[in-house]
Ligand code: PNS
């Protein structure tokens, strides 16, 4: 049984994240999407909202569960018997940061947490949660960025009902 975790802020989930979730779920026996709760940051969506959004859009994928964590990813992974962290790479600009995080996690876990990179599908390579929030703020079209339920929640956050 190979378990993996896909950690992230997911503020909010985009089609790029969903693409990584679906593909990773096809590779690993069990995939946990773990939403980071960082008390030092002020996300647009609360951790409960982010978890609920991901649960809703992944309910058709039987081997995906959604959870949240705070603190170090290596501690979450160790306590859930998980040895692989999944991350998406959109472009070469992501690589330097992701390499640093992956190496740090291997060091902190004494080699027990490896990172598995999936290259984001090209149609989502331009997407990020930050860009999506900016489009939503100005009531732009999000059809190709996020699932309809997320689009609705974003517009509500910015007062576009
Ligand atoms: O979606 P993001 O914001 O790019 O995700 C970053 C995330 C959550 C994967 C990363 O910040 C993380 O794992 N944070 C938890 C703290 C941690 O374990 N830090 C050590 C590695 S730098």
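The values are calculated or read from the model by the stated rules, or taken from the named source; none is laboratory data. Everything numeric here is computed off the predicted structure, so don't read it as measured data. For neighbour counting, all protein chains shown are included, and Cβ atoms are generated from backbone atoms with ideal geometry for every residue, glycine included.
So the values come out like this:
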item	result
Candidate set: the range 56-78, residues that are within 13 Å of the ligand (Cβ to nearest atom) and part of a helix (DSSP H, G or I); chosen: the one surrounded by the fewest Cβ atoms within 10 Å (Cβ to Cβ)	75
Selection count, the range 100-124, where residues are outside any loop (DSSP other than H, G, I, E, B) and in contact with a strand residue (DSSP E or B) (Cβ under 9 Å, 6 or more places away or on another chain)	12
Search result, residues across the range 56-82 that are without any contact (Cβ under 8 Å) to a residue 12 or more places away in the chain and over 19 Å from residue 20 (Cβ atoms)	71, 75, 79
Unmet requirement for residue 84, which otherwise passes all of (1) within 13 Å of the ligand (Cβ to nearest atom); (2) modelled with pLDDT of 95 or more	(1)
Residue, nearest to residue 146 (Cα to Cα), within the range 1-55, restricted to residues that are assigned to a loop (DSSP other than H, G, I, E, B), within 15 Å of the ligand (Cβ to nearest atom) and without any contact (Cβ under 8 Å) to a residue 40 or more places away in the chain	43
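The rows are residues; the columns are (1) closer than 23 Å to residue 59 by Cα; (2) within 13 Å of the ligand (Cβ to nearest atom); (3) in contact with a helix residue (DSSP H, G or I) (Cβ under 7 Å, 6 or more places away or on another chain); (4) free of Cβ contacts under 8 Å to residues at least 12 places away in the same chain.
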residue: 97; (1), (2), (3), (4): no, yes, no, yes
residue: 100; (1), (2), (3), (4): no, yes, no, yes
residue: 119; (1), (2), (3), (4): no, no, no, no
residue: 134; (1), (2), (3), (4): no, no, no, yes
residue: 142; (1), (2), (3), (4): yes, no, yes, no
